[in-house]
Amino acid sequence: MISKGGSEALLQTLVDTARAASPDYDVLLPLFRLLAKVGLRDKKFGQKALELEALDVTLILARKNLSHSQNLLHCLWALRVFSSSVTTGAMLGINGAMELLFKVITPYTQKCTRIIRAATEVLAALLKSKSNSRRAVNRGYVASLLRLHQDWHHHDTANTYVPIRRALLLCLKHVANLRSGREAFLAAQGMEVLFSTMQNYLDDQSLEPVISVVLQVLRQCYPKSPLPLVTASSAYTFPVPGSIPSESLCLLTEEDFEDDADEEVDKDSDCEEVKEQDDDLETDVNKLTSKPGLDRPEEELMQYKAMCLELSCSFEELESQSGDDLNFEETQYANHHHIPTVTSPQQHGLNKGQSSGKQGREDMVQTSLLSMVKVGRSTMQPVSKKGPGMSPYPNMQSNGVGVDSSGKEIPDIQASLKQDAWDIDVISFPMISASFSNSTQPRETAEVIDKLLQTHPKHIPFHDPCLYMAKARRTRSVADFKMMAFPDLWGHHPPPSAQSMLERKRGVQRIKIFEDVRRLIQPTDIINKVVFSLDEPWPLQDTASECLRFYSKFESGNLRKAIQVRELEYDLLVNADVNSSQHQQWFYFKVSGMRAAVPYRFNIINCEKPNSQFNYGMQPTLYSVKEALLGRPTWIRMGYEICYYKNHYRQSTTVMGRASEKHFYTLTFVVKFPHSEDACYLAYHYPYTYTALMTHLDILEKSVNPKQVYFRQDILCQTLGGNSCPLVTITAMPESNSADHLEQF
């Protein structure tokens, strides 16, 4: 019908009938019903109505029938489809349509609710036009819309008129697209009004259409602010040869990229209602980027033959060269007796003389490894097994005996030390430069250390704390770290059992957004105290205070700033990549000074990705030092009430002379720690440091059966920071020296 000119015919009939001396409503009413249906399918319907002067005719009829509900309702249905075009809506606004609609919907009444619903839906469609929104702001309609929202909310206790309430909120949402609209909304106490009317109904599924729009309006109107950082650039810089300084970041005001311009963008729609929602969640898998193809011709790959010396040399020559560059200090400190292997000690090339000499140095190393341990006092309380904070350590016992992942009993160190407890803050953070030869600790402390070292799980696969420390001393870093993270030094087992994905409760995200809004409108309990910062002198916190203590100055660590927001809530900011103001997703830091079974909330507020697996069941990883010393050194998935969403922080920059705006996202989660006065490490995922890589390569080389496995480790180059970039070649050894086997090799 549309393709045959049916829309034009119906619109022309409407104009001709309406302009008669006495319009025939027996013709007009079915005509309006037809127009409402046809208009939903005709994308150019608004433009056609404008050209045929149907807009003016319909507005005149509506004004004449303000007291005739049935006729007025039909006029509103037609205006609703006319308004689907922003251009047509702007023209209706010029001709006084909004004033007409406000006469219909105010004051509040529950009479003629079909008419009020149609009128609010027309008004919401009209306000998609910037000129109409600006007109609404100038005439004080924002405060009127808020009052109407409150009236309908308080009187509609049975949730019968949800479509009317939603349409009113959509009006506010469209007005809030303008800076002047947001200012008017804030001046009319809009944040407080929407927060107070909705805070007790977040779990009400019958109000889902209303709650979703309320959230959008609150997020739109929450005042934008820069991140609480000195600069957006990384806290660490490195002079790269030949680099050109990046364009400086310029802090701009909201006006620099505001959208109060006059031009209209036509948004013709082929459906009655365009579904609008925030883009935090990506649920369409088809929108994900497909795997890219090769970015260079295959012929160019031949240049990498230089890395595969086996193609041009005999394997006997290469085998004799391998291992020549190993550092003597590292190899003599390596502790290999616990490495899983199919070979005997002789196959590693270790004779009895070497083994005994190495053992002597090993004892010295282990005695001084944790020589900085101090005897102190601490308490340990197993967390309650109830609720979402249930202990993820299933084998935690209180009888002085722990159980490791293989089922073996391990003596409880705390019980074995009797009255002596640990100074966890010292134990959990060993110095990289700890001496291997001199121990100046008192005899009592040395005895505690001996007992501590005896509990180190020798069966942790491919790990040796002595070798790791030796490697760490050679690792160069931009930040020049002096300390090691305890999990990296002590090692870890895989979790005792597979952990299932966290089942996310419905509505967690909106609860967190409402709590963020509460900060703005009810700031009485806000502390806002900086307790850790890479940009400010250390220490920032009193060790005797009740707040948590944070630290991240170790290899792969990333935490730039920690702010105590409330007693048990902290805002965290991660550091950007070196020489950059981007790539802020990874976090890894130590936290101590906690109480067991207390819910601490952490908000990482400067994430960059528009979505995250944390919205789909992923949890952060946690490593407890006390658990490790009790024989359970494990990274576990922990945390609940986890979600990831766009926040109100913005970074305004100038790129090529044009203003641009960068959005940030919040990852929030709650953790109940297993012990009081523990030191725990939290990370985005299982950390894997450069030092761990270099340690693993050395241990792997000595753990393989050289009769079966060809393992060659070379140095490809040095990184700009001065670290070796390893090139590893692994394959099966030829079965014999025959030409066929060598060719196969």
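The values are calculated or read from the model by the stated rules, or taken from the named source; none is laboratory data. None of the values given here were measured: they were computed from a predicted structure. Note: ideal-geometry Cβ built from the backbone for every residue, glycine included; neighbour counts use all protein chains shown. Just so you know, the surface numbers come from the protein's heavy atoms only, side chains and all, with ligands and any DNA or RNA stripped out. Shrake-Rupley method; radii C 1.70, N 1.55, O 1.52, S 1.80 Å.
The set of residues from the range 566-580 being open to solvent by 20 Å² or more (accessible area, probe 1.4 Å) and over 16 Å from C680 (Cβ atoms) comprises R566, E567, D577, V578, N579, S580. Of note, T691 satisfies the criterion of being among the hydroxyl-bearing types (S, T, Y), in a helix (DSSP H, G or I) and modelled with pLDDT of 90 or more.
One residue stands out among those in the range 114-152 that are under 36 Å from the mean Cα position of the chain (by Cα) and among the hydroxyl-bearing types (S, T, Y): the one that is surrounded by the most Cβ atoms within 10 Å (Cβ to Cβ), which is S129. Listed conditions (1) of a type in the set (A, V, I, L, M); (2) part of a loop (DSSP other than H, G, I, E, B); (3) open to solvent by less than 40 Å² (accessible area, probe 1.4 Å) are all met by V230, apart from (3). When Q584 is tested against (1) under 27 Å from A235 (Cα atoms); (2) at pLDDT below 90; (3) out of contact with any strand residue (DSSP E or B) (no Cβ under 7 Å at 6 or more places or on another chain), just one condition goes unmet, and that condition is (3).
Please tell me if F185 is assigned to a helix (DSSP H, G or I), of a type in the set (F, W, Y) and either crowded, with 23+ Cβ neighbours inside 10 Å or at positive phi (or both). The answer is yes for F185. On inspection, L66 does not qualify as part of a helix (DSSP H, G or I) and of a type in the set (A, V, I, L, M, F, W, C). Pull up the range 1-39, narrow it to residues that are touching a residue at least 40 places away in the same chain (Cβ under 8 Å) and of a type in the set (S, T, Y), then point me to the one that is farthest from L59 (Cα to Cα). If we take residues in the range 1-39 being touching a residue at least 40 places away in the same chain (Cβ under 8 Å) and of a type in the set (S, T, Y), then S7 is farthest from L59 (Cα to Cα).
Quick check, is Q718 free of Cβ contacts under 8 Å to residues at least 24 places away in the same chain and open to solvent by 50 Å² or more (accessible area, probe 1.4 Å)? Answer is yes for this residue.
Of the residues making up the range 509-534, just one is farther than 21 Å from C547 by Cβ and outside any helix (DSSP H, G or I), namely Q522. Can you confirm whether S660 is assigned to a loop (DSSP other than H, G, I, E, B), in contact (Cβ under 8 Å) with a residue 40 or more places away in the chain and either under 12 Å from the mean Cα position of the chain (by Cα) or surrounded by fewer than 17 Cβ atoms within 10 Å (Cβ to Cβ) (or both)? It is false that S660 is assigned to a loop (DSSP other than H, G, I, E, B), in contact (Cβ under 8 Å) with a residue 40 or more places away in the chain and either under 12 Å from the mean Cα position of the chain (by Cα) or surrounded by fewer than 17 Cβ atoms within 10 Å (Cβ to Cβ) (or both).
Out of all the residues in the range 61-85, which are open to solvent by less than 80 Å² (accessible area, probe 1.4 Å) and within 21 Å of S129 (Cβ to Cβ)? Selection gives A62, C75, L76, W77, A78, L79, R80, V81, F82, S83, S84, S85. Scanning the range 487-504 for residues being open to solvent by 80 Å² or more (accessible area, probe 1.4 Å) and among the acidic types (D, E) gives a total of 1. Considering every residue within the range 153-173, establish whether at least one is part of a helix (DSSP H, G or I), over 30 Å from A54 (Cβ atoms) and more than 36 Å from the chain's Cα centre (by Cα). Taking every residue of the range 153-173 in turn, at least one turns out to be part of a helix (DSSP H, G or I), over 30 Å from A54 (Cβ atoms) and more than 36 Å from the chain's Cα centre (by Cα). If only residues of the range 1-50 that are of a type in the set (K, R) and over 14 Å from C75 (Cβ atoms) are counted, the one that is least open to solvent (accessible area, probe 1.4 Å) is K48.
For (1) surrounded by fewer than 21 Cβ atoms within 10 Å (Cβ to Cβ); (2) within 23 Å of the chain's Cα centre (by Cα); (3) among the β-branched types (V, I, T), each residue gets a yes or a no:
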site: F514; (1), (2), (3): yes, yes, no
site: I521; (1), (2), (3): yes, no, yes
site: E536; (1), (2), (3): yes, no, no
site: Q564; (1), (2), (3): no, yes, no
site: A596; (1), (2), (3): yes, no, no
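Return yes or no: is A470 at pLDDT below 90, assigned to a loop (DSSP other than H, G, I, E, B) and open to solvent by less than 60 Å² (accessible area, probe 1.4 Å)? No; evaluated as a whole, the condition is false for this residue.
In the range 666-687 there is at least one residue matching the filter, namely being open to solvent by 50 Å² or more (accessible area, probe 1.4 Å) and either of a type in the set (F, W, Y) or part of a helix (DSSP H, G or I) (or both).
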